[in-house]
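Here the structure is laid out as structure tokens; the discussion comes afterwards.
Bear in mind these aren't lab numbers, they're just calculated from the coordinates by the rules spelled out. What you see is a predicted model, and the numbers here were worked out from it, not measured in a lab. Every residue, glycine among them, receives a Cβ derived from its backbone with ideal geometry; neighbour counts consider all protein chains shown.
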Amino acid sequence: MTTLNGRRRTLLAGGALLAAGLAGALFWRHGTRAGTDFEPPFEDICIVPPTRVSTPHPYDPASGLAMYEARPVPAEARCPVCGMYPARFPRWAAQIIFTDGSAHFFDSPVDLFMFLAEPGRFDASHSAEDAAALYVANFEDGSWLDARTAVFVIEARVRGPMRGPDLPAFASTAAAQAFIAAQGGRALHFTDIDPAVVGSLRDANHGHHTH
């Protein structure tokens, strides 16, 4: 009897591991490489968002912030494009604040631009024209920059939160060029990031997913 019960426990444990493995196949894992200064600091996963469209975070008048001022990323906030947690990537995060004061938070500039290209895929109640403010994290120190005046770098050797090419942002051309000297790439301004650029970055980062 003891042997039979032991076999049952073994089979149950094996089944649980198999189920966990199958569940894990639904995730696209993103690890880190030791010794790199610019990689995300820990392992994270990109998952399909929990719903087809996401509900933005409402404005909190008690926050002490103006309605269209950049906000700290809530720890529980999920990127409406990929489902990751932007608070975990303070040097990559981005946010959009709508005219009604609500906001979405993104794990990187790529997902912000993907949202702006097709907002209806991710938010049923807002359009790109509803954007009152756009912010991206300064790659140097994590402070917020107006996305429309930031300088982005494309084609650098640095990988973003999705473990693919991204758009680290800087406050000035000089800061961007210093980064380029060390990590490669070229500088772009907000208006340079056209549908072709967004499409190539989307394919490189989200090509294995169906959102």
Diffing region 121-138: the Karplus 3J(HN,Hα) column from phi (6.51, -1.76, 1.60, θ = phi - 60°), in whole Hz with x for Gly and Pro, holds 6, 10, 8, 7, 10, 9, 10, 4, 5, 7, 6, 8, 8, 10, 10, 10, 6, 5
Within region 107-194, DSSP-loop trypsin sites (Lys or Arg not before Pro) with at most 15 other C-beta atoms within 10 Å are Arg148, Arg157
Could you tell me the distance between the Cα centroids of region 92-112 and region 123-168, to the nearest Å?
8
Once you have the Cα-Cα distance between Thr99 and Ser63, take 0.36 nm times their residue separation minus that, and quote the gain in nm to one decimal.
11.2 nm
